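> For reference, the structure I am asking about is given below.
FYI, it's all coordinate maths here, none of it is from the lab. Quantities reported herein were computed from a predicted structural model and do not represent experimental measurements. So basically every Cβ, Gly included, is an ideal-geometry build from the backbone, and we count neighbours across all protein chains shown.
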Amino acid sequence: MTSLGGTEMVDWNLAVSTATRLVRPGPEVSPEEARAVVAELRRHAAASEDHVHGFTKLAPAPEFGDTPVLVVDRAGWIKANAAGFRDLLAPLMSRMRERRGSGPGGMVLGAVGGKVTGVELGVLLSFMASRVLGQYETFAPPARDLPTGQARRGGRLLLVAPNIVHVERELDVDPHDFRLWVSLHEETHRTQFTAVPWLQDHLRGEIQSFLAETELDPSTLLERLRKAAQAVTGGRQEREEQEHGAGGAGGAGGDTADGEGRSFVDLVQTPAQRDILGRLTAVMSLLEGHADYVMDGVGPQVVPSVAEIREKFQKRRESGAGRLDQILRKVLGLDAKLRQYRDGERFVRAVVDEVGMDGFNRVWTSPNTLPTKAEIAEPADWVARVHRKAES
């Protein structure tokens, strides 16, 4: 990370140091217990490969090689994700550097941008670092202490040991079963990307298209942020005024009504970005739902207490830890991620019930066979488009 920061639009070193300073301490464990947890997670990750490959009928493609499994603490997760963000956002940062200084607004953003955005990203990373149990890093740049798979493809699987221990204690479930259960979910994500060679490039392309549509004019961006803040904080009052005739047709209330139920992140997007986000949402729903389906499908054979774990974990996932947690989840769009798990799992289950696992696996044929957002909600439409059309 010593090469990060400098003149970039985000001070990445500051983001990492801020997040590391703010993140909550993990659960208390003895050195012996910590070593045992790490060793067990590594064993479960290795065992999960055969379980997932056998259930899904998917196998890694040769070009991906052996992607590593890293058991990390919260600081390690922060460092890995800051590096991933930097790599993924590099084209956007380059465009913003070109625009910086071209006008008064650009000069203002340039003067405060790197430090401010570094701190803001650090706060976000600190919030997430105590909640993520595991993650397959699709766009992971290699580092000396954070190795990846083959140079071009990259990729690594992270298991965040203190968070796993914290949740298993909070839920009061069998720790050995819970650690394997989590490993099955994350291994499914690794299998998705290593068994489907085009998926990584497709997802990167969609994300880069989304970033390419980002508004770089400072005044326009600030105006969109202002409207988004009004919609999030003052939406109820403006809607009540509109209902009583204060807004009028075509007035400001229309933007607020359009923002109902959407996160702050959603509200600062352009129309083109919303179209791209619709496609990304469908893909992420598929990936998350597939992982949940596999985790529960394999579970009864290898995780004796899987039913108890699923019930308790689902309640925790839906309720949030408290009012502040619920507010942050809403603002950051994390509630939408919860819907992705639910809707995606329902899609996968319905398709497998209809056409079997081999029939479901047609979803990995090409970008054209991925479900649309509408098809996630109506799995029969995907079956009709992909299966019946091919058979006719």
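> Could you run the Karplus curve 6.51 cos²θ - 1.76 cosθ + 1.60 with θ = phi - 60° over the range 179-190 and give me ³J(HN,Hα) per residue in whole Hz, x for Gly and Pro?
Rounded to whole hertz, the list is 5, 5, 4, 5, 4, 4, 4, 6, 5, 4, 5, 4.
> So, one more: Between Thr214 and Ser366, what FRET efficiency comes out of the Förster formula 1/(1 + (r/R0)^6) with R0 = 30 Å and r the beta carbon distance, rounded to 0.05?
0.60
> Kindly rank 166-177, 184-195 from highest to lowest mean number of other beta carbons found within 10 Å of each residue.
Taking the mean over residues of other Cβ atoms within 10 Å, the ranking is 184-195, 166-177.
> Take Val302 and Glu63, extend 7 Å from each Cα along the Cα→Cβ direction, and tell me the distance between the two endpoints in nm.
Computed distance between label sites Val302 and Glu63 equals 2.8 nm.
> Something else now. At 0.36 nm per residue, minus the direct Cα-Cα distance, what do Arg317 and His176 gain on full extension? Give it in nm, one decimal, please.
Result: 48.8 nm gained on full extension.
> Once fully extended, how much extra length lies between His202 and Ala39, figured as 0.36 nm per residue of separation less the alpha-carbon to alpha-carbon distance?
55.2 nm
> Can you flag which of Lys315/Lys373; Lys57/Lys373; Lys115/Lys312 are past 31 Å Cα-Cα?
In this structure, Lys115/Lys312 lie more than 31 Å apart at Cα.
> Now, a different point. Residue by residue through the range 45-53, which ³J(HN,Hα) values in whole Hz follow from phi under the Karplus form 6.51 cos²θ - 1.76 cosθ + 1.60 (θ = phi - 60°), with glycine and proline marked x?
4, 5, 5, 5, 4, 5, 4, 5, 4
> Kirkwood Rh over Cα pairs of the range 345-392 into Stokes-Einstein at 25 °C, 0.890 mPa s: D in µm²/s?
In µm²/s, the coefficient rounds to 234.
> Enumerate the amide H contacts of Leu70 below 5 Å, restricted to partners 5 or more residues apart or on another chain; note that Pro and chain-start residues carry no placed amide H.
Long-range HN contacts for Leu70: Leu157, Leu158, Leu159.
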